[in-house]
Every structure is written in C-alpha cells, then in structure tokens.
1. State the extension gain, in nm to one decimal, for the chain segment bounded by A:E267 and A:E178, taking 0.36 nm per residue of separation less the distance between their alpha-carbons.
2. I need to check one value: relative contact order of chain A, counting alpha carbon pairs closer than 8 Å and at least 6 residues apart, in percent.
3. Just report the Cα centroid separation between the stretch A:29-108 and the stretch B:75-147, whole Å.
4. What lysines could a cross-link reach from A:K93, if we take a straight Cα to Cα line under 22 Å and drop same-chain neighbours fewer than 8 places away?
5. I'd like the FRET efficiency for A:F408 and B:E100, computed as 1/(1 + (r/R0)^6) with the beta carbon distance as r and R0 of 45 Å, rounded to 0.05.
6. Taking the Cα-to-Cβ direction at A:A284 and at A:L16 and moving 7 Å from each Cα, how far apart do the two end points lie in nm?
7. Taking only C-alpha pairs under 8 Å that are 6+ residues apart, what is the relative contact order of the stretch B:59-120 in percent?
8. Please average, across the residues of B:61-68, the number of beta carbons from any other chain that are within 10 Å of each residue's own beta carbon, and give a whole number.
Amino acid sequence: MSHINVDGKQLETLELFEVEEVRNDFPILKEKFSGPKNSVLPLVYLDNAATTQKPQQVLDAMQYYYRHQNANVHRAIHKLGERATAAYEDSRKRISRFINARSHREIVFTRGTTEAINLVAHSWGRKLIGRGDEILLSEMEHHSNLIPWQLLAKETGAVLRFIPFSRSNGTLQIGHLEEMINERTRLISVTHMSNVFGTINPVRGLIQKAHDHHIPVMLDGAQSVPHLPTDVQELDCDFLAFSGHKMCGPTGIGVLYGKEKLLEEMEPFQGGGEMIGSVWLDKATWNEVPHKFEAGTPDIAGAIGLAAAIDYLDRLGMERITLYEQKLTTYALSKMREISGMRIFGMAPFRGGVISFYLGKIHPHDMAQFLDSKGIAVRAGHHCAQPLMRKLEIPATTRASFYFYNTFSEIDFLIDNLKQALEYFGYGTG
Amino acid sequence: MELDELYQDIILDHYKNPHNFGEGEASCTNVELDNPVCGDHIKLMLLIDENDIIQDVKFTGSGCAISMASASIMTEEIKGKKVQEVRAIIEDVLGAMRGEKEADNLDEHGDLIALKGVMKFPVRVKCATLAWHAVRDGITKCEQEKK
C-alpha cells in the first residue's frame with residue numbers, strides 16, 4: 001500500500017475505520033426523499049465544503065447541556081452557572097489541544113471563520129495598519145478572506161495585493177511571493193485549502209518566508225482544519241480561523257486562534273458584557289484574553305457541541321480521516337476524468353476532497369438540479385469566490401465535496417448520474 | 001416533484017435553440033442584468049417604434065437552461081405587441097412567479113405555459129424571472145429616454 005503525502009507530510013498507512021459504522025452515527029444520512037414514480041431516493045450528501053452533518057454524539061452533548069447545565073457563563077454564583085462555565089471553558093481547552101495551541105488563552109470563540117477574520121481585520125488591522133501599508137492575499141480567497149480586508153483598506157488607505165494562482169491547475173504561484181513582499185507588507189492572509197479547487201496550499205514554506213521578513217500570517221482554515229491534522233505550533237501561523245459547522249459541529253460557533261502576544265496587543269472587537277475589566281460611565285478597562293474579544297453571552301451550547309465534534313474526529317483520528325478522503329478523492333477524480341466533456345478546476349498535486357467541475361455545456365445550476373432529482377446534494381454557483389471565477393472566465397461550477405462518511409459507492413452513483421445528465425440535457429459526449 | 005415538470009420539452013427546445021438570440025438594433029440603451037445566484041447574465045436590445053410597438057427584440061448572455069429558455073420565450077411573446085400590453089404580460093408573469101397572481105393567466109400565452117413548472121422549484125424562480133425583469137427595465141428606460 002502506498003503512503004499518502006499531504007502538503008509534504010507522509011501519512012503512514014493506517015488501518016481505516018468502517019465507514020458503514022461511522023454512518024450509523026449520523027441520523028440525517030438515513031434521510032430519504034420521494035423520487036419519480038413512487039421511488040425512494042436515499043440522500044447522497046456531497047456538499048460538505050458548505051457544511052457537514054452532525055453525529056448523534058454532538059446532538060447529545062448539546063441537549064445534555066440544555067437539560068442539565070444551562071446558565072450564563074462567568075457570572076452566576078449558583079451551581080448551574082458553575083457547570084455551564086466549566087463546560088464552556090473545558091470546550092476551549094479541548095479545542096486548544098486539538099490544534100496544539102500553547103495555551104487555551106489563544107482560543108477565541110467566534111460565530112465562525114468569517115467573524116474570526118473580521119475580528120483580526122478590525123482589532124489587529126485598525127490598530128496596526130496605516131496608509132500605504134500592504135496586505136498580501138491570494139486570488140483564490142473566499143469572499144470572507146477578501147471583503148474584511150477591502151473594508152480595512154478603504155478605511156485606512158492600505159493596499160491589497162494578491163498572490164496569483166495558476167489557471168491550469170489551481171495552485172498558488174508561490175514563486176511570486178518573494179518579489180511581492182516589501183518593507184510595507186504588514187500581513188499575509190491566505191486560505192490553507194481552497195474551497196473551489198481543493199488545493200492544499202504550501203503554507204509552511206510561505207509562513208517561514210514571511211517570518212524571515214517579520215510578517216505575521218493568518219490562515220483561513222475553514223476547509224483545512226476539518227480534513228487535515230492541524231498543529232499550529234508546527235505550522236507557526238500567527239492566526240488561524242475555522243468554523244465548527246464544517247467539522248461536524250453546530251452552526252454559529254467558530255474559532256480564532258491567535259498567538260497570545262498578538263492577541264494581547266489587539267484592541268477589543270465588540271463592546272459589552274464579559275469583555276470588560278472595570279467600567280465607569282466614561283471609560284472602561286478590558287478583560288484579559290481571550291475574553292476581551294467575547295462580548296455578550298456566547299454560544300455556550302455551540303462551543304460544547306464543537307468540543308464534542310472534536311472528540312468524535314479525534315476518536316476516528318484526523319490522519320485516518322485525511323487518508324480515507326484522499327483515497328475517495330483520487331478515485332472520484334479518476335472516474336470523472338473518464339467522462340468526455342469533463343473539465344475539472346483544480347488539479348493540484350496536493351488537494352483535498354473538493355472537486356469543482358463543468359460538464360459539457362450543462363450549466364452548473366441545471367447539473368445541480370438534475371443531481372438533486374436523484375437525491376445527490378452538490379453545490380452550484382460561484383462558491384463565494386467571484387474574482388476566482390472571473391479569472392477562469394466561467395460563471396459558475398458544480399462542486400462535489402466529500403467527508404469521511406462518504407462512500408465509494410456514492411461516488412459511483414455520482415459518476416453514473418453525471419453521464420445521465422449528459423443524455424438528459426442532450427449534449428451527448430461531443 | 002418530477003424533474004420533467006421543470007425541464008419541460010418547451011424549455012429544453014428554447015434552451016437548445018434560443019429564439020432572437022444575438023445582437024440587434026435598439027431604440028434605447030441596452031439593459032444588462034445579472035442573477036448573482038446562478039451567475040446568469042442577460043443583455044437585452046429593444047427596438048420600439050413611434051407607435052409604441054415592439055418592432056424587434058434580441059438578447060445575448062449566458063446562463064442556465066431556465067434563464068435562457070425564459071428569455072427566448074419572452075422575446076417571442078412580446079415581439080409585435082404594444083408596450084402597454086407587454087407591461088401587463090410582464091406583471092402577469094412576475095406576479096405568478098411570486099405567487100401573487102393566478103398562474104393560469106399564462107395559459108393563453110403560448111410557450112409561457114412552460115414557465116408554470118418553475119413555480120414548484122422556488123430556488124429557480126430567479127432564473128426564470130431574469131429576462132422579464134430585464135424587459136421591464138428596458139421598457140422603462142426607453143420611455144424615460146424618449147422624454
């Protein structure tokens with residue numbers, strides 16, 4: 001058996017999990033829809049880059065919280081308040097261990113990746129970015145790692161610059177990095193894994209190079225943290241943002257990891273309860289990190305749900321998850337490339353289980369509609385990456401994205417229906 | 001819901017062989033509209049004569065089968081009609097798509113009947129209405145430019 005190499009890291013050949021057993025943990029995967037002529041269509045969920053499904057363990061943890069622990073955190077003297085606070089702070093520690101942070105104080109709870117990036121743009125950017133300063137992004141960013149910096153640039157007069165990607169295979173043209181860095185570069189913020197191409201960017205080298213110039217690096221980990229083992233000390237990134245709902249956790253909870261030193265020098269994000277030290281009518285002092293960034297009652301149940309999701313992922317093993325998804329993706333790519341008229345966007349040597357494609361002349365929305373009629377859930381559109389689509393000169397793609405609960409037979413079913421779509425829309429294979 | 005209710009033969013025929021597709025003469029500024037949900041794009045060229053009759057209409061653009069077929073059907077429907085009459089048809093179509101008007105109004109208008117299938121697929125309504133919003137904007141623009 002071959003070893004699988006992800007971003008320069010050899011993964012040992014591991015014994016994998018039984019996918020059918022794993023699927024039993026996810027009640028929603030048993031959903032069925034009514035199809036034509038009284039047929040029954042099982043759900044084939046291939047929209048995992050958008051959001052993932054939740055195992056019973058996560059649902060149970062959240063229900064347990066509401067049944068036995070619910071109170072506000074950090075305020076109440078009563079027993080329930082103690083329970084809620086302990087559960088919430090334990091979740092923070094759990095997440096800290098999962099990404100190997102130095103301290104749980106480096107874990108800020110947010111609503112998701114988007115809010116985490118906005119937090120850095122607001123609290124770090126406004127304080128430390130001035131007119132003419134440069135922020136380096138890439139051309140393949142999700143809007144959530146573009147618009148917050150556009151807003152900051154508009155406000156401060158900073159300049160945004162973009163590392164290009166290769167149109168032929170969707171890799172980041174990292175060779176341009178050296179010439180793009182100059183004495184005005186203040187921050188580099190890039191995606192670890194593209195939500196369109198599936199490309200896993202070579203962030204280790206990028207971070208090293210940036211640090212040679214004393215430039216901090218923020219990683220958008222929305223697509224990487226759910227699928228790859230993540231060690232922030234080894235990566236040495238300065239900020240990392242990710243979302244709970246893309247890794248079996250609930251919606252509404254996400255994480256900003258930041259090096260403590262950086263978090264310390266940042267201004268608060270929002271004002272309100274919890275984030276304060278002492279308050280007078282005309283002034284206030286701030287709570288310590290990470291609480292300085294968590295104004296108001298947080299999503300306590302969400303944090304607990306996310307910690308339960310992480311327990312679940314760790315039980316399967318992140319390396320096993322990566323390995324299984326690599327096999328699934330390699331299989332899907334090889335089968336898809338056999339279909340004539342198939343264009344796949346993103347053929348990077350290191351890539352995750354996100355496949356964007358265009359088949360024949362079938363518009364992605366028609367393709368997604370056709371697949372939906374067979375019970376297959378995929379995404380169609382610009383995937384919140386309009387500048388990327390513009391560069392590829394396409395209006396949209398269809399995107400199938402996998403998680404560890406998807407099966408090889410689901411891929412076969414997808415392939416079969418892609419061929420049927422060609423017949424349905426009358427574009428043959430010519 | 002059956003897929004064939006959405007992709008009726010009329011729709012697929014118009015999609016594969018769109019009528020009035022291409023550049024044309026226009027009596028006022030062309031209207032361009034996007035549907036950001038699908039990435040559909042349409043450009044509409046309207047030629048309205050002094051008697052307020054739509055002499056010609058052409059469209060270009062790209063998009064899903066529903067948006068392109070709806071545009072093709074729209075051009076067939078409005079060509080040669082008076083602006084006032086066209087306005088009423090536009091309101092019938094948009095009203096039906098929003099669920100505010102009787103969809104049966106569309107039955108007497110030839111291929112328009114095929115758009116009724118879209119109503120069962122709420123996410124696709126925006127695809128179907130794009131061309132109709134474009135022609136409504138176009139007529140308004142022409143009237144404003146005439147003044």
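1. 29.0 nm
2. This gives 22 percent for chain A.
3. 46
4. Within the straight-line cut-off, A:K93 pairs with A:K54, A:K79, A:K246, A:K259, A:K261, A:K292.
5. 0.40
6. 5.1
7. Once divided by the residue count of the stretch B:59-120, the mean separation gives 26 percent.
8. Counting other chains' Cβ atoms within 10 Å and averaging over B:61-68 gives 5.
Bear in mind that the values in this text are calculations on the coordinates, not laboratory data. Computed from a predicted structure; not experimentally measured. Note that each Cβ is placed from the backbone with ideal geometry, even for glycine, and that neighbours are counted across all protein chains shown.
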